[in-house]
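This structure is in structure tokens; I'll ask about it shortly.
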Amino acid sequence: MKQILNFNEEGLKGLHFFTEHLNFPIVAASYSDWEKQQLSYLEHNFQSGGFTTTSLCQWCIHHHIQYRIVYPLSISSIFRNPYKYMKYLQLKQILNKAAMQ
């Protein structure tokens with residue numbers, strides 16, 4: 001089974017990249033026409049602004065759309081920018097709580 005950015009390639013209809021004005025880039029995957037349509041709406045609304053990395057991920061969680069935070073998790077990136085790593089861990093904690101609800 002092949003994977004792209006840790007997404008299962010089987011049935012994958014599209015990848016949607018969100019990078020502008022975010023602390024961490026986000027990639028969302030669509031596996032159905034409904035998910036593809038929802039992500040198209042999100043892309044349109046994303047252009048108007050107002051989204052943060054957290055709100056974008058929470059939107060994906062609430063719509064049951066798979067997403068990935070693009071962050072190079074390595075020892076060198078942690079030592080190079082420990083503050084950003086701390087922010088990444090805080091974001092993951094917030095999103096884990098949101099996913100539990």
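The values are calculated or read from the model by the stated rules, or taken from the named source; none is laboratory data. Nothing here was measured: the structure is a model prediction, and the numbers come from that model. Neighbour counts are summed over all protein chains in view; Cβ atoms, including those assigned to glycine, are modelled from backbone coordinates with ideal geometry. Just so you know, the surface numbers come from the protein's heavy atoms only, side chains and all, with ligands and any DNA or RNA stripped out. Shrake-Rupley method; radii C 1.70, N 1.55, O 1.52, S 1.80 Å.
Under the rule a/c < 1.5 gives rounded, and otherwise a/b versus b/c splits prolate from oblate, where does the stretch 18-86 land using the Cα gyration tensor?
Because a/c hits 1.5 or more and a/b exceeds b/c, the stretch 18-86 counts as prolate.
Let me ask something else about it. From Cα pairs below 8 angstrom and at least 6 apart in sequence, can you work out the relative contact order of the chain, rounded to a whole percent? Don't jump to the answer; show the numbers that get you there.
Details: 94 pairs, mean separation 24.4, N = 101.
Dividing the mean separation by the residue count of the chain yields 24 percent.
Measure off, as a whole percent, the carbon and sulfur share of the 1.4 Å-probe accessible area of the stretch 1-74, all protein chains present.
On the way: 2350 of 4570 Å².
Looking at the stretch 1-74 in its full context, I get 51 percent from C and S.
Continuing with this model, one more query. So what are the ³J(HN,Hα) numbers for the stretch 57-71, from phi and the Karplus equation (6.51, -1.76, 1.60; θ = phi - 60°), rounded to whole Hz, Gly and Pro as x?
Along the stretch 57-71, the couplings run 5, 5, 4, 4, 4, 5, 9, 6, 10, 5, 9, 9, 8, 8, 8 Hz.
Rolling a 1.4 Å sphere over the protein heavy atoms, what is the accessible area per residue of the stretch 14-101, to the nearest Å²? Don't skip to the answer; put the middle values down first.
On the way: 5700 Å² over 88 residues.
That works out to 65 Å² for each residue.
Another question, if that's okay. Could you give the nm distance between label points at L89 and S55, where each point is 7 Å from its Cα heading toward the beta carbon?
If labels sit at L89 and S55, their model points lie 2.7 nm apart.
Along the charge dipole of the stretch 11-83, pointing to its positive end and built from +1/-1 on Cβ of Lys, Arg, Asp and Glu, which listed residue (Q47, T19, H63) has its Cα farthest out?
T19
For the chain, compute the number of Lys pairs whose alpha carbons are separated by less than 28 Å, excluding pairs fewer than 8 positions apart on the same chain.
10
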